[in-house]
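Input: a single structure, listed below in structure tokens.
The values are calculated or read from the model by the stated rules, or taken from the named source; none is laboratory data. All of these numbers come straight from a predicted model, not from anything done at the bench. Note: ideal-geometry Cβ built from the backbone for every residue, glycine included; neighbour counts use all protein chains shown. Heavy atoms of the whole protein, side chains included, go into the accessibility calculation; ligands, DNA and RNA do not. Shrake-Rupley method; radii C 1.70, N 1.55, O 1.52, S 1.80 Å.
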Amino acid sequence: MQMNTSPRGRIRLTRRGRLALVVAGAVVAGTAVAVPLLTVKGGHKVVAKPPTLVIPEGWRASQVYDAVDKALKLPAGSTRKSIGKAHLPLPGEAGGNPEGYLFPATYPLPKGTTPESLLRSMVDTAGKRFEAAPVAAGAQRASINLYQAVTIASIVQAEAATKADMGKVARVIFNRLNQGMPLQMDSTINYAMNRITVHTTEDDTRVESPYNSYQRMGLPPTPIDNPGQEAMRAAYNPPAGDWLYFVTVKPGDTRFTADYATHLRNVAEFNALHQSTGPAPTPSRSPLPSPASSQPPLR
């Protein structure tokens, strides 16, 4: 989460945006173009590979829909409208919403590809990966069902600065749930507000939404993006630890702690490093303490 000063002077920690990934992913997905099936090389006909569509880890369903529309050269909104007739093999808890199950991978686009067939391929891939024995067994050990594991993985995907941090972020989520603390993850608010940003304000934390993890207890009702394999592994097999807070002081230096005073010292170090440059491009991230706790707010 990034240090941000609200109009009332309150310093907040907002989550790190994944803007670089989104921009890079959009370029990759947007450049999937049709190629001829046959090319001539050295006097011989060579069958060319079909174009492909790359879905990066952490993309939301809305981003996937837009990318499919562009890759298949369809009018905007076509893929979203096709969901109802795609007959996607989703779990009952999803309620027909494929968020979390559009598995990040590279998908071929042979002639005749439709939004329905492409979405089914993504969901089929997710099903195979998520329902594998290690995932199912891990979810059972953690006393969560598979859909909850995907939801946790989606938050981990959005919040972790690096793959190495994913397990610890997952442990923070479990620790907060087990202690009856709200998750207070800015990534869930960004999802509620349909945006991608590194700034979260006091007003944002009061938005009326089931995805507002500052106001609502427990997990959000659905995943908030489409997590990859590493985030899933972190969700069903997090390392042991008592961490409740985390902050990325600088790239490659994310600090996790269960002690609020230590967390504040880490935040102060972050501020010292970035006070001369204003809002940092590599923000810190950490859930704020529970409003019901005796810990003071960050001021």
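A few remarks follow.
- Summed over the stretch 89-115, the residues that are closer than 23 Å to residue 130 by Cβ, open to solvent by less than 30 Å² (accessible area, probe 1.4 Å), touching a helix residue (DSSP H, G or I) at 6+ places or on another chain (Cβ under 8 Å) and not small (Gly, Ala, Ser) give a count of 7.
- Contacts under 7 angstrom Cβ, first residue in the stretch 66-79 being within 17 Å of residue 54 (Cα to Cα), partner hydroxyl-bearing (Ser, Thr, Tyr) and part of a helix (DSSP H, G or I), 6 or more apart: 68/79; 69/78; 69/79; 79/65
- Matching residues in the stretch 116-134 - criterion: being open to solvent by 60 Å² or more (accessible area, probe 1.4 Å) and closer than 16 Å to residue 227 by Cα: 124, 128, 129, 131
- Considering 170, 158, the condition of being within 11 Å of the chain's Cα centre (by Cα) and either assigned to a helix (DSSP H, G or I) or of a type in the set (Ser, Thr, Tyr) (or both) is satisfied by 158 alone.
- Cross-chain or 6+ apart pairs with Cβ under 6 Å, the stretch 226-249 first and within 19 Å of residue 263 (Cα to Cα), then acidic (Asp, Glu) and surrounded by fewer than 24 Cβ atoms within 10 Å (Cβ to Cβ): 249/269
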